[in-house]
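Have a look at the structure below before the remarks.
The values are calculated or read from the model by the stated rules, or taken from the named source; none is laboratory data. Since the structure is predicted, the reported quantities are computational estimates derived from the model, not experimental observations. Here Cβ is always computed from backbone atoms with ideal geometry, including for glycine, and neighbour counts include all displayed protein chains.
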Amino acid sequence: MFMGETMSGLSDSDLIEQLQNGNLEALGDLYDRYRMVVYRTTLAITGDPEAANDLLQDVFLRLHRYVGHVDRSRPLEPWLYRMATNLSYTWIKRNRRWMHQFEEFFDWLAGSDRNGPHEYVEREDEWREMRQALLSLPVQQRVVVVLYYLNDLSLQEISEILEVPTGTVKSRLHYGRISLRKHLGITELEEGEALSNLNWKGSEGV
């Protein structure tokens, strides 16, 4: 589900209007408001923290560049997701490095855990296994899984963001689940459970 237009202070629509009128502070406000959802999306798709951070900046640079074409009557979040996924697709096609083991990502995730040593080791294994399972998916399935589980979007919302039929989204999610179950060795993947439990958060450098 998308965030409400009004989170704190001015609404997204008001900030877009200010940005369209040349107020760059409005861009900073929108960046602060949505940087985490954009970053975790690009990170989950690319599997590369450095690339995810670069793509985060690119998303908002493009918002600035194309703000004149943004419809203020519609929620901004779908536009940001669409740009984030499109740029992530392009990065993957150009780099082909998304299957490598990104230790920085793992260290960052593990560092957010405040449990004892035993629970830390168990959580470490869970993160490593889920990360590998997610990156094993074909990119089109991975994008749908990320948007559905990590960002808690509906099938219809994902369909609108990716500009593909809802049936296509369902198919990609279906086969993505099958692959994840096989990779993780579990009998069922509950909706909203496996990925949301990872508690992915942005790094302080974002």
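Any residue at all in region 56-78 that is in a loop (DSSP other than H, G, I, E, B) and hydroxyl-bearing (Ser, Thr, Tyr)? Yes, there is a match, as at least one residue in region 56-78 is in a loop (DSSP other than H, G, I, E, B) and hydroxyl-bearing (Ser, Thr, Tyr). Scanning region 42-100 for residues that are among the β-branched types (Val, Ile, Thr) and in contact with a Ser or Thr (Cβ under 9 Å, 6 or more places away or on another chain) turns up Thr42, Ile45, Thr46, Val59, Thr85, Ile92.
Are any of the residues in region 38-55 over 25 Å from Gln132 (Cα atoms) and either under 20 Å from the mean Cα position of the chain (by Cα) or not hydrophobic (A, V, I, L, M, F, W, C) (or both)? There is no residue in region 38-55 that is over 25 Å from Gln132 (Cα atoms) and either under 20 Å from the mean Cα position of the chain (by Cα) or not hydrophobic (A, V, I, L, M, F, W, C) (or both). Among the conditions (1) under 20 Å from Gln140 (Cα atoms); (2) crowded, with 20+ Cβ neighbours inside 10 Å, Tyr89 misses just one, which is (2).
One residue stands out in region 26-55 among those that are in a helix (DSSP H, G or I) and among the acidic types (Asp, Glu): the one that is farthest from Gly9 (Cα to Cα), namely Glu50. Those helices (runs of 4 or more DSSP H) of region 112-173 in which 1 or more residues are at pLDDT 90 or above and not β-branched (Val, Ile, Thr) occupy 139-145, 155-162.
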